[in-house]
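Below is one structure, written out as structure tokens, with a few remarks after it.
Read the figures in this text as sums done on the coordinates, not as results from a lab. All values reported here derive from a predicted model rather than from experimental measurement. Every residue, glycine as well, gets a Cβ built from its backbone with ideal geometry; the counts of neighbours run over all protein chains shown.
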Amino acid sequence: MAQWDRLRQLPAGYTQQLHELYDRDALPMDVRHYLSAWIEKQEWQRAARDHDLAMVLFQVLLENLDIQHSRFIQEESFLMQHNIRRYKQNFQRYLDDPCALASTILWFLEKEKEILQSFDLAEQVQFLRVEQETMEISSQQDLERRMAGLKNEVQCMEHAIICLEEQQDEFDFKYQTHKMEGRETKIFSLFVVDEAMKKDQIKILQLLVNKLNECRKSTLSDLNKLLDRIDDLINILVEKELVDWQRRQQKACIGAPDSVCLDQLEKWFTCAALCLIQVREFLSKLEELVGKVSYDNDPIKGQNPILQRKAETLLKDLLKRSFVVETQPSMPQGKGPLVLRTNVQFSVKTRLLVKFPELNHSMKVNVSIYRRFNVFGTKTKALNMAESQNGGMVADFRHLVKQNNDLCELHTINFDTVFELKGLSVELQASSLPVVIISNSSQQQSAWASVLWFSMLSQDTKDVMFFANTPAAPWPKFGEMLSWQFLSATKRGLNDAQLEMIAHKLFGKSCFCFSCIFFLLFWENAPETFWVWFDGILTMVKTYLEDQWREGLIVGFVTKGKEKSLLKKKRRGTFLLRFSESVIGGITFSWVEYTMTGEPHVNTVQPFTKVDLTQIPLHEIIRNFQILETENIPENPLLYLYPDIPRDEAFGKYYSEKTGGKGTKYFLQMLLTCHKDSLLVVMTVCHWSCRNTLEARSPMPSVMAQGESLEPVKALYGEAAGESWLSLLSHLVKNHVRRIAHFRRITLGCHRLVQKIKGEHASR
């Protein structure tokens, strides 16, 4: 990049140094700006010692100022006309000592380099301190600066083409004048031509044509360098930025929190395309100039066609990669994108990253799918800016897929269009990520498992034969993908401890960082697979417990042994919520109590599933959960949510004032269970269904959850008790269900029954 271009892009602190440097008349900033390309190409250091070279540069400098003055006359810029005229007059003082001018300009160029060096040093220091994310931002900022520099170079090239045309017009005018004078001499032989004057005119014309030739060579060289810079930028855009975006989009489809916004890419792609189109116009202008004035060994005739082919190739390559699928195919009620169901509408959106308003509604996009499927709906739509929230060139499709063969396999949806502008025609194609097509809702879980596995591991977005040789997933990637599922569904992912529990469940060992999981273990022969268990938990949380999970009230993924060790360190009444390892989509809670000897004891209830949570919210179950121990007053043993949050402080905002809605009855169901020598009466709020069925949960000590079972009460008390206590208790509850307001009477009845059973037991 040219030195002046870099200076113009420096931050505010460094541009202030630049303004202070040029706050004098020795070399006005306007002259430095408008003649920047010419100034930086000259050998000022040699001119400062060589008087002849310095004089030549001095004369060329004045000529360039004349050209700029003529330009501003055409542009009717009155102020700049005045300034350029004044600058030229000031430079006249160097007529006797042009080497002083060369030394002055050299001094300014060296000071500019010092400013750039200080900036580069500061950037290097900053670069060493940043982390990966900051490095990416820095990379984007660098690309942004390079794009700005490219636009500036194109503007400078436009000015150079104008100067070349003016120089050619000057030569053409003098040449045509010379020819006219020669014809007049032949017709009117009265005039005597001085041979010396004629030779001088020819010499002047030869100098002008030599200067024109050098200017043409310089312009062609600059155009070639400009195309090389554009090529470098296009490689960065296509091979890095676009590929990174495609990978981010692929991961975002399975829940990753990556940004998939295309606005910045569209800005860069459009900038590069516009610059290439302008370069093509410059080359066409050169071809036009050659048609007016040409000569032997004209460099434009030999190099211009090569540059035109190069510019066209770069533009076509850029356009072909600029047509993308912005929003991947998805159904409104699906588990996620890339899973489509036959005869159910899905949506997909394409976008052209090269934004030309004049092409609005003119480019038609056609859609097609694998030949064994039929797509119903509008198969052709125009790229337009009306369907985009940010004004991009998009085509938003709504389609149906007709049922056919090859369900649950990978397929791609293809799009094609034609870009036509200013004599350029390019066929563009884009493809969606591989989709899985199903025929009924029961296949959604398996289809989504396939999408997860493909998007997690495949780098080739068109590899529809991926599952012909399915690779294993390393644990770091697999754990990250699992966390994304919770993050996308509930805005809270999995922490390290929760992932560690899952790893232990899968691998059964402490060292799992280098372990891999195979697709057969992840999903094969449902319902015994890991994914069925995990997806059941995810569905339950998303449906019933999203707020509690997001706030961190649910520990969730924790083993029974870990749960026991956590609670035994806490005070009485501390409880935690964890997901069941054996019941699909189940959640349970355990709490710690202390015996008379001070030994901790952990109790666990049977898991609650969606059947229970549909009837009663989990926070109401926790709020109304009560137990009776011997003759004590019923109390709730759940006092502190792990690690040490008072129960009502944790769940209070979820409580409802009424325990039930219209038409719903709740009652206290009492179940007796025994553990060792203590008799527990558990009282919890449950739902009385229209069929008068009872739902309940009994407390289980954690030791029982690992293999032991509760001994039936019938075996403990025998048949001598007459009708079993469970039947009596059930009969008692049914007799009082219509008078639920009389809670005290039910409680007293329970106490009497307990005393009777204990008396019979003592008499034995």
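For this structure, a couple of remarks:
- Residues whose placed amide H lies under 5 Å from that of GLU635, excluding near-sequence neighbours: ILE627
- Taking θ as phi - 60° and the Karplus parameters 6.51, -1.76 and 1.60, the scalar couplings of segment 150-164 work out to 4, 4, 5, 5, 5, 5, 5, 5, 4, 5, 5, 5, 4, 5, 4 Hz in sequence order, x denoting glycine and proline.
- All Cα-Cα distances of segment 481-614, cut into 10 Å bins from zero to the largest, leave 11, 39, 35, 12, 2, 0 percent in each bin in turn.
- Between the alpha-carbon centres of segment 272-336 and segment 205-268 there is a gap of 11 Å.
- Residues whose placed amide H lies under 5 Å from that of LEU641, excluding near-sequence neighbours: PHE575, ARG647
- Between the amide H of VAL348 and those of PHE397, distances stay under 5 Å, these residues lying 5 or more places away or on another chain, with hydrogens modeled in the peptide plane.
- Residues TYR175, TYR94, sorted so that the one with the fewest Cβ neighbours within 10 Å comes first: TYR175, TYR94
- Going by neighbour counts of Cβ atoms within 10 Å, the residues ASP172, ASP535 line up, fewest first, as ASP172, ASP535.
- Order by protection proxy (mean Cβ within 10 Å, highest first), peptides 104-112, 245-253: 245-253, 104-112
- In plain terms, the residue of ILE584, ILE84 with the fewest other Cβ atoms within 10 Å comes first and the most crowded comes last, giving ILE584, ILE84.
- Pairs exceeding 25 Å between alpha-carbon atoms, taken from LYS41/LYS88; LYS41/LYS240; LYS41/LYS225; LYS88/LYS211; LYS217/LYS310: LYS41/LYS240.
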